[in-house]
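Participant: One structure, pasted below without further comment.
What follows is calculated from the coordinates using simple rules that are stated; it is not laboratory data. Being a predicted model, the structure only gives us computed values, none of them experimental.
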Amino acid sequence: MKTLPINWLTEGLIDFEYKKYMLLAYLKAAKTEFGQRRLYPVLSDLIMHYRHLLQVKEHKQLVYETFPKRISRADFEKLELVYQKIVEDDETMQQIEEIIAYAAPRFNQTVASGQELYDFVERHLEISPVGITPMYHDEGYLFLDAFPGKETHVYIYRMTVFENAYEKYRGINTQLLQTVRRGLAQTHENLKGQLLRERQALPNPATFAVVSRIPVPLEHSLLPIAKRSLVKYVARLSA
């Protein structure tokens, strides 16, 4: 889809009408993605841009942590230099503030639409353990069933935990192992038994099935939402 440069606010021609054109084209493309139930990576990008706008509006400075990991320190330092020049130019700063005033509510509205779609998809996911669940949940198998397909996508998942002085964060990494055809003889329980026989590296793995009750694109919505839902599910088990 059409993307928006990370430093779209300050690079190139700083003109209200020009930036408005850039913004509306990007938001239109984002809404088209949502219309096809494709949430990622567009939702993450929207949130990043929106947070950046708010940061500039509230603090009149750029904050490195608001950007995704793909932005380098050199890129960030360049942004700081550009922004410092803008702050010193009253006319340019006025243009920037007008652009922010126009863009912020439109980003907010589009992000809200994406979040609404996310919640809709998540409500139509069913998560359940497959077989006996061990005490250790941070590694195992994820069975993902799309709708209305007849296949189960089998992933190995590994949870990661990040801590700071205030909070603990859980992340998840997945690796596609295989895709198998579902049927009367190939239930989730039978599939887990087959994996136990074939793969000795995980002798007693936690295994969870995530089943979608609505059609959504696998890579751009179902898998990322299923992963986040599984993280929350496992966190509740571990609480």
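Participant: Tell me which residues come under 5 Å, amide H to amide H, from GLU139 once H is placed; ignore anything under 5 positions away on its chain.
Facilitator: Close amide H contacts, sequence-distant or interchain: MET159, ALA206.
Participant: Return the sequence-ordered ³J(HN,Hα) values of segment 116-128 in whole Hz as given by the Karplus equation 6.51 cos²θ - 1.76 cosθ + 1.60 applied to θ = phi - 60°, using x for Gly and Pro.
Facilitator: Taking θ as phi minus 60°, the curve returns 5, 5, 4, 4, 4, 5, 4, 5, 9, 9, 10, 10, 8 Hz for segment 116-128.
Participant: Output wanted: per-residue J couplings in Hz (rounded whole) for segment 180-196, from phi through Karplus 6.51 cos²θ - 1.76 cosθ + 1.60, θ = phi - 60°, x for Gly and Pro.
Facilitator: Using θ = phi - 60°, the values come out as 10, 7, 7, x, 4, 8, 10, 7, 4, 5, 5, 5, 4, x, 5, 5, 5 Hz.
Participant: Also: Starting at the first residue of segment 224-230, write each ³J(HN,Hα) from the Karplus equation 6.51 cos²θ - 1.76 cosθ + 1.60 with θ = phi - 60°, in whole Hz, x for Gly and Pro.
Facilitator: Per-residue couplings from phi come out as x, 6, 4, 5, 5, 5, 5 Hz.
Participant: Here is a follow-up. How far, in nm, would the chain grow between TYR102 and ALA25 when pulled straight, counting 0.36 nm per residue and subtracting the alpha carbon separation?
Facilitator: 26.3 nm
Participant: Ok, one more. Which entries of LYS2/LYS28; LYS31/LYS57; LYS19/LYS57 have Cα-Cα distances beyond 18 Å here?
Facilitator: From LYS2/LYS28; LYS31/LYS57; LYS19/LYS57, over 18 Å: LYS31/LYS57.
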